[in-house]
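The values are calculated or read from the model by the stated rules, or taken from the named source; none is laboratory data. This structure is a prediction, so every number in the text was calculated from the model and none was measured. No Cβ is skipped: glycine too gets one built from the backbone with ideal geometry, and neighbour counts run over all protein chains shown. The accessibility values were calculated without ligands, DNA or RNA, using every heavy atom of the protein model including side chains. Shrake-Rupley method; radii C 1.70, N 1.55, O 1.52, S 1.80 Å.
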Amino acid sequence: QVQLVESGGGLVQPGGSLRLSCAASGGIFWSYEMDWYRQGPGKQREWVASISRGGNRNYADSVKGRFTISRDNDKNTVYLQMNDLKPEDTAVYYCAASPGDYWGAGTQVTVSS
């Protein structure tokens, strides 16, 4: 059983940056693909980025060039560096691990002036 805990969310002005963290426990972290998803107000949950066991990264078109996903297998943590934030990035951000379909509880990111 894998437990995931996100942190690092908050209120930031447009154009600002945040770094989200997702700490994993209870599993073999390096063996999982890790993903970030988000769900904005009144919207469906959408995939944001993924990083494979081997470090291959993929991004949604809406965040490409602004967000960077990374992982530290020694710390059992995956990160999402978010730069040039826009109001439309406002959402609850979730990390997920697969296989197994494990999810964290999410962290709120609000982009507003």
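Taken over segment 2-15, the criterion of being hydrophobic (A, V, I, L, M, F, W, C) and open to solvent by less than 60 Å² (accessible area, probe 1.4 Å) is satisfied by V2, L4, V12. Filtering segment 16-61 to residues that are surrounded by 11 or more Cβ atoms within 10 Å (Cβ to Cβ), closer than 26 Å to T110 by Cα and free of Cβ contacts under 8 Å to residues at least 24 places away in the same chain leaves E46, W47, S50, R57, N58, Y59, A60. Of the numbered criteria (1) open to solvent by 60 Å² or more (accessible area, probe 1.4 Å); (2) over 16 Å from E6 (Cα atoms); (3) modelled with pLDDT of 95 or more; (4) out of contact with any Lys or Arg (no Cβ under 9 Å at 6 or more places or on another chain), the one K86 fails is (4). So which residues in segment 1-33 are within 11 Å of the chain's Cα centre (by Cα) and of a type in the set (D, E)? Of everything in segment 1-33, just one residue is within 11 Å of the chain's Cα centre (by Cα) and of a type in the set (D, E), namely E6.
How many residues does segment 38-68 hold that are of a type in the set (V, I, T) and within 20 Å of V2 (Cα to Cα)? Break it down stepwise before answering.
Of the residues in segment 38-68, the ones of a type in the set (V, I, T) are 48, 51, 63, 68.
Next, from what is left, pick out any that are within 20 Å of V2 (Cα to Cα): 51.
Number satisfying all stated conditions: 1.
Scanning segment 5-28 for residues that are more than 15 Å from Y79 (Cβ to Cβ) and of a type in the set (A, V, I, L, M, F, W, C), we see that the one that is modelled with the lowest pLDDT is I28.
Which strands (runs of 3 or more DSSP E) does the chain wholly contain that include 2 or more residues that are of a type in the set (F, W, Y)?
Working: elements: 3-7, 10-12, 18-25, 33-39, 46-51, 57-59, 67-72, 77-82, 91-98, 107-111.
The strands (runs of 3 or more DSSP E) meeting that bar are 33-39, 91-98.
For segment 48-81, how many residues are within 9 Å of the chain's Cα centre (by Cα) and either of a type in the set (A, V, I, L, M) or farther than 19 Å from G10 by Cα (or both)? So that I can check it myself, show each step before the final result.
Filtering segment 48-81 for residues within 9 Å of the chain's Cα centre (by Cα) gives 48-50, 69, 78-81.
Then drop every residue that is not either of a type in the set (A, V, I, L, M) or farther than 19 Å from G10 by Cα (or both), which leaves 48-50, 69, 78, 80.
The qualifying residues number 6.
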